[in-house]
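Take a look at the structure set out below.
What follows draws every value from the coordinates through simple rules; no lab data is involved. Computed from a predicted model, the values in this text were never measured in an experiment. Glycine gets a Cβ as well: all are built from the backbone with ideal geometry, and neighbour counts include every protein chain shown.
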Amino acid sequence: MDRFVIQGGRRLEGTVRINGSKNASLPLMAAALLTDQPVTLRGVPDLADIGNMRRLLGELGVEIAGGPAGDGRAETLRVTDDSESHARYDIVRTMRASICVLGPLLAARGRARVSMPGGCAIGDRPVDLHLRGMEALGAEIELDGGDIIARAPGGRLRGDTIFLGGAFGSTVLGTANVMSAATLAEGTTVIESAACEPEIVDLARLLTAMGAKIEGAGSPRVTVHGVEKLGGADHAVLPDRIEAATYMCAAAITNGVLTLEDCPLDCLLSVTDRLEAVGVRVECVDGNADPLRCAVRVAADRVLKPIEVTTQPHPGFPTDVQAQLMALLCLADGNSVVTEKIFPERFLHVAELSRMGARLFRQGNTVVVSGVRTLKGAPVMASDLRASAGLVLAGLAAEGTTTVNRVYHLDRGYERMEERLAAVGAVIERAGESA
């Protein structure tokens, strides 16, 4: 397994272009199952999860042109064989988001067999809301040998009113699944307690371009009027707000200055609010640019201030930035409080940051971060995608050498991160597993 070796203490300075969103791209790719016409996606990132989704869609009869084999930034997907509806465990186990093929398969082919998904070890993420949504649309659901088997009686789903609220709020992938399935259902579907994340809005943009009739995407109530057929579309993927937030924290933790191009600033108001409270200056530098694709300058005060932050569904502070912000708060002048409301067990990075000299005290779903003057380089173990990013950021700021092991987690969500950081002043390299 690969690892990153980081020589810390270097100030980052330069320009980073934000890639297309991984969390948006995966449901967008799955939406290609809803039509026999070509769907072109521009700005798809080159990530391990994207590669796994390509493999999965290939097995489901989708021909894909472009991507890494082409220009690396655009790919065209087209269904050429609709006979297969089984998303096998061998692929699905590698990523949670593979569940988003369930709705499109069921809507377009009247049947689906999807293995229960895997992904990061960050706590329970049940699929019951997905299944509840499919059942509300008229699907018959059963579980067999670790697979979800779903059938649409008569070959077509029917619209209904569906409540998607759960113990920890709405479900993003569940909303994507139900919204996609409802586009071809008979009648009107109302999704109550829908996820409001920008990635859902981006999916609705694509589906609308394909001929779907969707109202309210980005709000807690989404209405979908079913249509008989969807066509092709050409769509630019939303820039990755989590990647942008990560590089904002990278600039701040190294006392550097970074310009982020194609930054979805309008999707990051909760993040910039907390960063500005810490003492990080975030400003748009290209005037009247699209607020979803603007150039943003990020710089930090030398003395960072402690804050309180609680993760929440969008538009609240995203759980996917919690580890990165915690790494930054390790160097704040005082005590910060981080509360995790989405995945209460998402604190595997706490023990690893402590190995680097961080002073952290966890009680339940809250961590008190007592800032220290410096972090010390150490060997650490990446446990999930965003924890990996937090450890890399800590290594950039630490004195000495930090080795982040098992960075395959990181490769699921960040495209060639070590190369991009090195281009703006970091001393970081990828190495094979140590002997």
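Key figures for this structure:
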{"quantity": "Packing-based order for 262-274, 149-161, using average beta carbon neighbours within 10 Å, highest first", "calculated": "262-274, 149-161"}
{"quantity": "Sites Ile141 and Glu215 - FRET efficiency at Förster radius 22 Å, r taken between beta-carbons, to 0.05", "calculated": "0.20"}
{"quantity": "Those aspartates and glutamates that a straight Cα-Cα span of less than 20 Å connects to Lys213, excepting residues fewer than 8 apart in one chain", "calculated": "Asp36, Asp160, Glu186, Glu192, Glu197, Glu199, Asp202, Glu228, Asp234"}
{"quantity": "Kirkwood hydrodynamic radius (C-alpha pairs) into Stokes-Einstein, the chain, 37 °C and 0.692 mPa s, D in µm²/s", "calculated": "149 µm²/s"}
{"quantity": "FRET efficiency estimate (nearest 0.05) - Cβ-Cβ, Glu429 to Arg55, R0 30 angstrom", "calculated": "0.55"}
{"quantity": "Inter-label distance for Asp290 and Ala65, nm, one decimal - labels placed 7 Å from Cα along Cα-to-Cβ", "calculated": "2.4 nm"}
{"quantity": "Rounded, prolate or oblate (a/c below 1.5 giving rounded, otherwise prolate when a/b exceeds b/c) for the stretch 1-91 by Cα gyration tensor", "calculated": "prolate"}
{"quantity": "Cα gyration tensor shape for the stretch 22-236, rounded if a/c is under 1.5, else prolate or oblate", "calculated": "rounded"}
{"quantity": "HN-Hα J in Hz across the stretch 244-257 - Karplus 6.51, -1.76, 1.60, θ = phi - 60°, x for Gly and Pro", "calculated": "4, 4, 5, 6, 4, 5, 5, 4, 5, 6, 9, 6, x, 9"}
{"quantity": "Between helix 269-278 and the chain: long-axis angle, C-alpha atoms, 0 to 90°, nearest 10", "calculated": "10 degrees"}
{"quantity": "Environment charge at Pro153 (Cβ cut-off 12 Å; Lys +1, Arg +1, Asp -1, Glu -1)", "calculated": "+1"}
{"quantity": "Sum of side-chain charges, Asn52 neighbourhood, beta-carbon under 15 Å (Lys, Arg +1; Asp, Glu -1)", "calculated": "0"}
{"quantity": "Burial ranking of peptide ranges 50-59, 375-384 (average Cβ count within 10 Å, highest at the top)", "calculated": "375-384, 50-59"}
{"quantity": "Mean separation of Cα contacts under 8 Å (6+ apart) over length of the chain, as relative contact order %", "calculated": "21 percent"}
{"quantity": "DSSP-defined beta bridges in the chain - what % are antiparallel, rounded to 5", "calculated": "70 percent"}
{"quantity": "Hits among lysines - C-alpha to C-alpha of Lys341 under 24 Å, sequence gap 8 or more where chains match", "calculated": "Lys22, Lys305"}
